[in-house]
Amino acid sequence: MATDIYTTPDRPLYEALVEARELHRLGDTSTVTIHLSEGNYPLEQTLVLRPEDSRTRLVGEGDVTISGGIELNNWKKEGRLWVCDVPEFHGRPLEFRQLYINGKKATRCKDVSDWDDMTRVLSQDRTDKVLYVPVTPILQKLAKADIGHAEMILHEMWCVSVLRISSIRQTGDSMAVRFHQPEADIQFSHPWPSPLCHDRPKGWNASPFYITNHKALLDRPGEWFLDLKQQKVYYYPRKDLQAGIDETRRLDKVIVPVTETLVAVEGTLDRPAEDISFENIRFEYSTWLRPSLQGHVPLQAGMPLTEAYKLKPKMERTDNHKLDNQGWLERPAAAVSVRGGRQISFSHCQFTHLGSSGLDYVWGTEGGRICNCQFSDIAGNGIVAGTFSPTGLETHLAYNPADPREVVNGLTIEGNRITGIGTEDWGCVAIAAGCVSNIDIAGNEISEVPYTGISMGWSWNRQESCMHHNRVRNNHIFRFAKHMYDCAAIYTLGNQRDTEITGNRIHDICTPPYAHDPDHWFWLYTDEGSSNIHVHDNDCPSDKFLQNACGPGNVWENNVNPKPTESSTR
């Protein structure tokens, strides 16, 4: 027998959650359903569901939004720009990296209007931690100004780094750009990816970049700039009468995100949060400020490095090639996260206007379903599952926890539509599954992504790990690699016993002209350490596949315009 609670946007969502929790504490053993009536449920801090909230459903009735944004009002005209005083938030200056006008993300001011016009690095000095770049009028202007909080966004083969600029100086026919710590140390000590690739004879040997977040760059309609020192935000209005847009007369509904994680399910291995579901709810407007505070130098799939360096001589590894670098990672924030849970599920939900990852099953989860959800306009990864090396584990080591309950196991990701993710961190992917077991990624539609569609596995290592019996089947992936190469529609790493990739339909890769190597893309790609994976009956336009430094046990069959077979699951 179920128990029902009805709530409205006039009541804090936390109060309804506590009411359900108290029913359970006082002896109600049924599943409690919290019905959210239509409207917006704002959150200025994370809503946490704990083991005490087990056997709870949160169901949206109509158009229901859980939002971490606040509205900026009192805009005034200053010449061609709109300007607004930014209020304090919880007693602190408010900072943000996204701004939305009438539900559409505005452009953080930058020095290029077309990505094809990005300038390229000339050289680097790893010892003095300097990037040398061509002289341009805007860089000369910035060199003479207060640099403020300007950033360089650096495209490096399969990642982009966010580097906070400390100084720009002209030195002859080049500009010397230096950066703040801690990202300066990480950027110049980690070897991969690199801004200079002298082994790319068919492509570009140097990375493109652009400069953002300085008022001197605010010169095109649709752009904005936050003056953090003065606590003012500036916006250059758009005017397109044919499209019915005239922001020069009035500015409506400007939202900035203030909450990093909207909802978190938090349990432990011995006392997990169980049987919690979210249905028909839109999660929107989350922030992630780590790049503004520490920069962002990722290794892969948007995972930030905290320390990395080159090894000389290379490290000898049993049954693996020699290793030339080491690195340790953090994890980007997510709008919704799950830790220590059993059967935590999301169905018919929407994840949009988010500042980092959308939905993340981080650690210690059993079962659960992510089904028939939509993911769009997300700055980082869409769906993330499983560890990408705990903070204390060097990232090239196989993950084999003493307690197998730590592993994300038995998760189903099915029937979701994922489009327009990685809008800011171009090295992110639609579905990023790290060290997982018994995961089923099936029937999802993935498009308009900057890099890889589905990435599964981790550790660049052939040794047996916790990864096994994973399935990637019947997904439709197209228009991937909008900005980055060294990628594939489906990509794997590590030893994954009894894993299957089958029935996937793949077509239409994008062709960014600034990719380092125009040939280095693939429909399917088993990378370092990939072992014991059956890749069969996938519908690909050609045999452009890569098997790089793989381990044993991989079987490839019938992957180019496949003929029906008894083994096909489509």
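Of all residues assigned to the range 200-219, at least one qualifies as being over 30 Å from M303 (Cβ atoms) and either free of Cβ contacts under 8 Å to residues at least 40 places away in the same chain or touching a Leu at 6+ places or on another chain (Cβ under 9 Å) (or both). When the range 158-198 is filtered for residues that are in a loop (DSSP other than H, G, I, E, B) and touching a His at 6+ places or on another chain (Cβ under 6 Å), only C197 remains.
Cβ separations smaller than 7 Å between residues 6+ apart or across chains give the following pairs from the range 1-30 residues that are surrounded by fewer than 17 Cβ atoms within 10 Å (Cβ to Cβ) to residues that are aromatic (F, W, Y) and not in a helix (DSSP H, G or I): P9/Y41. Can you confirm whether the range 464-476 contains a residue that is under 21 Å from M157 (Cα atoms) and assigned by TED's automatic domain parsing to the domain that holds A398? Scanning the range 464-476 turns up no residue that is under 21 Å from M157 (Cα atoms) and assigned by TED's automatic domain parsing to the domain that holds A398. Residues that are assigned to a loop (DSSP other than H, G, I, E, B) and either closer than 19 Å to E78 by Cβ or among the aliphatic types (A, V, I, L, M) (or both) within the range 240-260 comprise E247, T248, R249, R250, L251, D252, V258, listed in sequence order. Being out of contact with any strand residue (DSSP E or B) (no Cβ under 7 Å at 6 or more places or on another chain) and surrounded by fewer than 24 Cβ atoms within 10 Å (Cβ to Cβ) is the filter; apply it to the range 448-485 and report the residue that is nearest to C371 (Cα to Cα). Going through the qualifying residues, I end up with K482.
Of all residue pairs spaced 6 or more apart or on separate chains, those with beta-carbon atoms under 7 Å, a first member in the range 506-531 that is at positive phi and a second member that is aromatic (F, W, Y) are D508/F478; G529/W460. In this structure, G529 does satisfy being assigned to a loop (DSSP other than H, G, I, E, B), modelled with pLDDT of 95 or more and crowded, with 24+ Cβ neighbours inside 10 Å.
Checked against the criterion of being in contact with a Cys (Cβ under 6 Å, 6 or more places away or on another chain) and touching a residue at least 40 places away in the same chain (Cβ under 8 Å), the candidates L47, L72, L36 yield just one match: L72.
The residues in the range 206-239 that are surrounded by fewer than 15 Cβ atoms within 10 Å (Cβ to Cβ) and assigned to a loop (DSSP other than H, G, I, E, B) can be counted, and the count is 4. Given the criteria among the basic types (K, R) and farther than 20 Å from H296 by Cβ, does K77 qualify? Yes; evaluated as a whole, the condition is true for this residue. Evaluation of S67 against the conditions (1) surrounded by fewer than 20 Cβ atoms within 10 Å (Cβ to Cβ); (2) closer than 21 Å to S356 by Cβ; (3) within 25 Å of the chain's Cα centre (by Cα); (4) in contact (Cβ under 8 Å) with a residue 40 or more places away in the chain shows that the sole unmet condition is (1). Taken together, the residues in the range 270-329 that are in contact (Cβ under 8 Å) with a residue 12 or more places away in the chain, within 30 Å of G551 (Cβ to Cβ) and acidic (D, E) amount to 3. When G434, G422 are screened for being within 19 Å of the chain's Cα centre (by Cα), farther than 22 Å from E366 by Cβ and of a type in the set (G, A, S), only G422 passes. Counting the residues of the range 377-422 that are buried (at least 22 other Cβ atoms within 10 Å of the Cβ), hydroxyl-bearing (S, T, Y) and more than 22 Å from W158 (Cα to Cα) gives 1. D275 - would you say it is at pLDDT 95 or above, within 30 Å of R462 (Cβ to Cβ) and surrounded by fewer than 22 Cβ atoms within 10 Å (Cβ to Cβ)? No; evaluated as a whole, the condition is false for this residue.
For the criterion of being within 23 Å of T107 (Cβ to Cβ) and in contact with a Leu (Cβ under 9 Å, 6 or more places away or on another chain), G355 passes. Of the numbered criteria (1) among the β-branched types (V, I, T); (2) assigned by TED's automatic domain parsing to the domain that holds G340; (3) not in a helix (DSSP H, G or I), the one V83 fails is (2).
Within the range 162-185, the set of residues being closer than 16 Å to S292 by Cβ and out of contact with any Pro (no Cβ under 7 Å at 6 or more places or on another chain) comprises L163, R164, I165, S166, F179, H180, Q181, P182, E183, A184.
A single member of S189, S174, S123, S167 is among the hydroxyl-bearing types (S, T, Y), under 28 Å from the mean Cα position of the chain (by Cα) and not assigned by TED's automatic domain parsing to the domain that holds W328, and it is S189.
The values are calculated or read from the model by the stated rules, or taken from the named source; none is laboratory data. Computed from a predicted model, the values in this text were never measured in an experiment. Neighbour counts are summed over all protein chains in view; Cβ atoms, including those assigned to glycine, are modelled from backbone coordinates with ideal geometry.
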